[in-house]
Amino acid sequence: MFTKRFTLLATAAAALCVALPATAQDYPVANKPITFVVPFAAGGPTDKAARDLAVSMGKTLGTSVVIENAAGASGSIGANKVAKANPDGYTLLFFHIGQATLPTMLRNIPYKVESDFEHLGIVSENPMAVLARPTLPANNMAELVKWANDNKGKINIGNAGIGSASHLCGMLFQSALKVDMTTVPYRGTAPAMTDLIGGQIDLMCDQSTVAAPQLEGKKVKGYAVTTPKRLAPAVFKDIPSMQETGFKDFAVTIWQGLYAPKGTPAPVLKKLNDALKLAVRDPDFINKQEAGGAIVVNDARTDPAGHRAFVAAEIAKWAPVIKAAGVYAD
Ligand code: MLT
């Protein structure tokens, strides 16, 4: 009896010993793609940064990294999908500052940022730019402020959904100007940009990485960037910071990071974090971000603990701003 039970236990223990290390040793299996879920439409700034990171991390991980755009509800649909995904390292979330703003902005958020995700590292910081349709008559911020005051009640401003980064920036802009505008939500700023170029909407905040080619092609007008300093790429050289244009307290920096579902095995997380740390040193990844005025992060926030602490600090930083601006959605 004792011998039989002992044999069964020994067999189970041996199976467990074989199964556990195999998970990490074999990860990632070469022909099994890793998916980055991007919670906004293809062609927007989150999608662009995710695709650049996927190329760089894929080189290190030795397997393809594919993008799935799961847009809607300001990014919370895609984030919730990953929060509930199998924690095997094959389904990850690439998300921006929304990880810190949505818990305050959304009244019914279906996941908990602190406890439903493993933090894998922040990779970039992205300024936003205040943009307008090409036919808008104002040619600088002073003229834009005058135009907005002259056209009260008639102005549309696009964004990637109530609670998105572009919405937050747009609400702060309206509150700085003391002019209310009609918000037009899209599933990402990519479709909103198409309508801005076409003149269906008047204004939008979008990240510099995707604004750059449109400014270069004179498809949209740019009035200011939301970081304290002007941006390095030539296309932004004549675009002042919001602070230079007189809005002293206006500062919004978007940041992008990678997350796995809670419970992903530690050795898998280590492989992913190692690959992320190589990506933020990869000249190809760096050049692609810097060309659009973004800055690649290479500090303690590329560590899971640093990333987690930064998100907690950002939640605390933005909660009173969001409450004061009254930017809520269900
Ligand atoms: C996008 O990728 O479409 C935007 O970053 C979304 C947003 O403005 O929050």
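The values are calculated or read from the model by the stated rules, or taken from the named source; none is laboratory data. Keep in mind it's a predicted model, so treat the numbers as computed, not measured. Side chains included, ligands, DNA and RNA excluded: accessible areas come from the protein's heavy atoms. Shrake-Rupley method; radii C 1.70, N 1.55, O 1.52, S 1.80 Å.
Rolling a 1.4 angstrom probe over the protein heavy atoms, how many square angstrom per residue are accessible across segment 127-236?
Heavy-atom accessible area per residue stands at 39 Å².
Quickly estimate the mean residue ellipticity at 222 nm for the chain, helices only: each DSSP H run with n ≥ 4 gives -39500 (n - 2.57), and the total goes over all residues, rounded to 500.
Result for the chain: -14000 deg cm²/dmol, rounded to the nearest 500.
Run the accessible area of the chain with a 1.4 Å probe and give the carbon-and-sulfur part as a rounded percent.
Answer for the chain is 59 percent, counting heavy atoms of protein chains only.
So what J values fall out for segment 184-191 if you push phi through Karplus, 6.51 cos²θ - 1.76 cosθ + 1.60 with θ = phi - 60°, rounded to Hz, Gly and Pro as x?
So the J values, rounded to whole Hz, are 10, x, 10, 8, x, 7, 4, x.
Which percent, nearest 5, of DSSP beta bridges in the chain are antiparallel?
60 percent
Work the Kirkwood hydrodynamic radius out for the chain: mean of 1/r over every pair of different alpha-carbon atoms, inverted, in Å.
Value: 20.8 Å, from the Cα pair sum.
Determine by what factor the alpha-carbon radius of gyration of segment 127-236 differs from 2.2 N^0.38 Å, reporting the quotient.
That ratio works out to 0.95.
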